[in-house]
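K.L.:
Input: one structure, supplied below.
The values are calculated or read from the model by the stated rules, or taken from the named source; none is laboratory data. Note that the structure is predicted; figures quoted are calculated from it, not measured. Here the Cβ positions follow ideal geometry from the backbone for every residue, glycine too, while neighbour counts run over all protein chains shown. These area figures cover heavy atoms from the full protein model, side chains too; ligands, DNA and RNA do not enter into them. Shrake-Rupley method; radii C 1.70, N 1.55, O 1.52, S 1.80 Å.
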Amino acid sequence: TDLRPLDILSEAVPAGGLARGMRVFQVQGMRGFQLSSSRPRALGFPASRLFIHCDRFPEEFSIIVTLRALRVPAKRNEYIFTLMVEESPSVLVGLRYAPDKLHFLFWSQERAGGWQTRVTFPNVSLSDNQWHTLILAVSGQSFSLTVDCSIPKDVVVETPFPASLSVRRASFYLGNRRRRKGVFTGLLRQLVLLPGADATPRICHAMNFKVATLSVPTVLQDVPAKPVSNEVLKHPYESDMKVTLGARPRCSKQEKAQFWFNASRRGLYLCNGSTWLSMLEVQHRLDYVEEYQNLVTNSETMGIEVFTIPKVGLFAAMANRITPPGSAIYRWMDGKFVHYQNIPTHQAQSWKYFTIGKKIFLAVANFEQNERGQEFSVIYKWSRRKAKFITYQRISTHSARDWEAFVIEGEAFLAVVNHREGNNHNIDSVIYRWNPRTGLFETNQTIPTSGAYDWEFFTIGPYSFLAVANTFNGTSTKIYSHIYIWLSGSFQLFQSILTFGAADWEVFHIGDRVFLAVANSHSYDSGMPAPSNFYAINSSIYELNITAQMFVKFQDLLTYSALDWEFFSVGDDSFLVVANSFDGFTFSVNSIVYRWQGYEGFVAAHHLPTVGCRDWEAFHTAEGSYLFYSSAKEPLSKVLKLKTT
């Protein structure tokens, strides 16, 4: 094999066309093969076409796979590939996945009759309709799996991979084990065997780890091959398709692989068996913003959380200041938010929606004590029977400002920002870990914070980060906010950035660039002369410098007691909107929408009148795109519609 990459997927594709049972689809800007279950043998070829000089499978090797897997029902396995001898039903080498697991199979022939070994990698979540790249490195008894260039999962088993596995009279089969049962239902973009080497260093060097490539069939590459002489270029895309026009049709297993053309949005969508996926859509540009709905709230609103409950609908949870009546949840009905449920809260500051498996949760950060003098923030769970949120777990907090939910290496976490305890602002904020055995969140780590307002979790490649916005240390707002990185099972300090009453962090991506914006609320220091205006102050945008391995300042923007940033996109354009709350004289201050202008950075594009603006949320429905802002100074929030051209 002379240690060259052996492209299994390309070998299965006939020159100038496709094998029977193969279709090409493009999703999320990437092309992949969809494999048919009707003729599994048609998706095979003799192993001798790859192993030309030797009929033995390599003793040490890597397998590189790029795929987009659909959700797999419980107890069901789907095969990515198999290597099988013609006259035997046994799998010599194979790779298959089940919900949250990946199995590598191989046949050992060192004993009479032989036996099959299965190496299982748990907590591997592939069925999320996203592209993923897997690198499986095999050497003796050691098996290592790297998903999207994250930290490898290592498994050592008793039975080593055979040193001399014959592939005589064997064939490779794509997406099946020569049977209709267990056929791969997703999209396959890359399948490469690299003998004698761990492919991880060759793959994990690009910014977009999920689609990193070693070798991809020509038909799946971004630039199609040039036609021979004056031939008309023939694209091997599926042409025998059904396209539905009109109103949004049903998308179920019966409609899988069918298309729907939405004339109003000029978009083409593909049904994956449950959801319509955008394949082609005319890119809109933001023209102006118009007032769409005035929402009278229970009281002043400190924060908004917009979320979608699958098969139920779109909701907005409002963190209202006064108790009673507490905070309200609204549901999007007929193009408007209507009241749905009231929940008792105690000067609520924010809500956080998250899921763990099939469980749906909503956590509130309460700033004040309840009527019994107890200070709790509460996690609510969605009851499918009652179609409401019900109390699930109470957690002791101290003037809680914010919750952040995230997953690291398959484990669920929930972090609370504790603002102060009495008059002491320098206290611990807490990170909780979900215990699947008890079904409760338990303390995992504490981090010292100073009058903190906000947590922001984000990932860059295989690394997980958590940024805290520190606001006040008891004497000054000119203090350091910190970015932590997850290493060896806990968060450790990565970088400190000087901020001025920081109230919010917002991470966002533009192309391959990673940015982090801080909202600075005011400048106060008891030991320094008072400035002419505490509240007219720069908020800053930082960009990740990969070479320096740190965030460096990219741009300053003048803001007025900024309390929130929200990033959103319209078509190919990127925007940031800031919540300006107070200019030192009045709470009636314009909040600004900034448009990304490349070399110029962010440039003011729209000035939106707001009153004590506290939070912005961007959301989308079938009717269009919207911005939602809350007021901390009046019981009125507003939904604004983005008008596009």
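K.L.:
Can you tell me which residues in region 424-454 are in a strand (DSSP E or B) and either among the aromatic types (Phe, Trp, Tyr) or open to solvent by less than 10 Å² (accessible area, probe 1.4 Å) (or both)?
P.N.:
Ser429, Ile431, Tyr432, Trp434, Phe441, Ile447, Thr449
K.L.:
While we're on this one: In the list Arg401, Arg394, which residue meets the criterion of being surrounded by fewer than 22 Cβ atoms within 10 Å (Cβ to Cβ) and in the same structural domain as Ala622 (by the TED database)?
P.N.:
On inspection, the qualifying residue turns out to be Arg394.
K.L.:
Could you grab me the full set of residues in region 541-572 that are over 21 Å from Gly461 (Cβ atoms) and over 25 Å from the mean Cα position of the chain (by Cα)?
P.N.:
Lys553, Gln555, Asp556, Leu557, Leu558, Thr559, Tyr560, Ser561, Ala562 - these are the residues of region 541-572 that are over 21 Å from Gly461 (Cβ atoms) and over 25 Å from the mean Cα position of the chain (by Cα).
Yes/no per residue for (1) in a loop (DSSP other than H, G, I, E, B); (2) without any contact (Cβ under 8 Å) to a residue 24 or more places away in the chain; (3) over 18 Å from Ser630 (Cβ atoms); (4) open to solvent by 10 Å² or more (accessible area, probe 1.4 Å):
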{"site": "Pro324", "(1), (2), (3), (4)": "yes, yes, yes, yes"}
{"site": "Ala328", "(1), (2), (3), (4)": "no, no, no, no"}
{"site": "Trp332", "(1), (2), (3), (4)": "no, no, no, yes"}
{"site": "Tyr340", "(1), (2), (3), (4)": "no, no, no, yes"}
{"site": "Lys352", "(1), (2), (3), (4)": "no, no, no, yes"}
{"site": "Ala365", "(1), (2), (3), (4)": "no, no, no, no"}
{"site": "Gln369", "(1), (2), (3), (4)": "yes, yes, yes, yes"}
{"site": "Arg372", "(1), (2), (3), (4)": "yes, yes, yes, yes"}
{"site": "Ile379", "(1), (2), (3), (4)": "no, no, yes, no"}
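K.L.:
Hey, Arg31 hits all of (1) modelled with pLDDT of 80 or more; (2) surrounded by fewer than 17 Cβ atoms within 10 Å (Cβ to Cβ); (3) farther than 19 Å from Ala199 by Cα but one; which does it fall short on?
P.N.:
Arg31 satisfies every listed condition except (2).
K.L.:
Looking at region 77-93, can you tell me whether even one residue there is outside the structural domain of Ile356 (by the TED database), surrounded by 22 or more Cβ atoms within 10 Å (Cβ to Cβ) and more than 24 Å from Pro46 (Cβ to Cβ)?
P.N.:
no
K.L.:
Output the number of the condition that Leu608 fails; it satisfies all remaining conditions of (1) farther than 29 Å from Leu466 by Cβ; (2) free of Cβ contacts under 8 Å to residues at least 24 places away in the same chain; (3) among the hydrophobic types (A, V, I, L, M, F, W, C).
P.N.:
(2)
K.L.:
Sticking with this structure for a sec: Kindly indicate whether any position in region 550-572 is in contact (Cβ under 8 Å) with a residue 60 or more places away in the chain, out of contact with any Ser or Thr (no Cβ under 6 Å at 6 or more places or on another chain), surrounded by fewer than 17 Cβ atoms within 10 Å (Cβ to Cβ) and assigned by the TED database to the domain that holds Asn320.
P.N.:
yes
K.L.:
Which one of the conditions (1) open to solvent by 30 Å² or more (accessible area, probe 1.4 Å); (2) closer than 21 Å to Pro73 by Cα does Ser164 fail to meet, given that it meets all the rest?
P.N.:
That leaves (2) as the condition not met.
K.L.:
Collect the residues in region 409-421 that are part of a strand (DSSP E or B) and crowded, with 16+ Cβ neighbours inside 10 Å, keeping them in residue-number order.
P.N.:
Answer for region 409-421, where residues must be part of a strand (DSSP E or B) and crowded, with 16+ Cβ neighbours inside 10 Å: Ala412, Phe413, Leu414, Ala415, Val416, Val417, Asn418.
K.L.:
Name the residues in region 264-283 that are modelled with pLDDT of 80 or more and not in a strand (DSSP E or B), would you?
P.N.:
Of everything in region 264-283, those that are modelled with pLDDT of 80 or more and not in a strand (DSSP E or B) turn out to be Asn272, Gly273, Ser274, Thr275.
K.L.:
Show me the strands (runs of 3 or more DSSP E) found entirely inside region 520-577 where at least 2 residues are in contact with a Leu (Cβ under 6 Å, 6 or more places away or on another chain).
P.N.:
Hits in region 520-577: 536-545, 562-570.
K.L.:
Among the listed residues Gly584, Gly601, Gly624, Gly612, identify the single one that is of a type in the set (Gly, Ala, Ser) and open to solvent by 20 Å² or more (accessible area, probe 1.4 Å).
P.N.:
Gly584
K.L.:
Being in contact (Cβ under 8 Å) with a residue 40 or more places away in the chain, touching a strand residue (DSSP E or B) at 6+ places or on another chain (Cβ under 7 Å) and closer than 14 Å to Ile360 by Cβ, is that true of even one residue in region 398-411?
P.N.:
yes
K.L.:
Within region 403-413, is there a residue that is more than 24 Å from Ser150 (Cβ to Cβ) and either in contact with a Leu (Cβ under 9 Å, 6 or more places away or on another chain) or not polar (S, T, N, Q) (or both)?
P.N.:
yes
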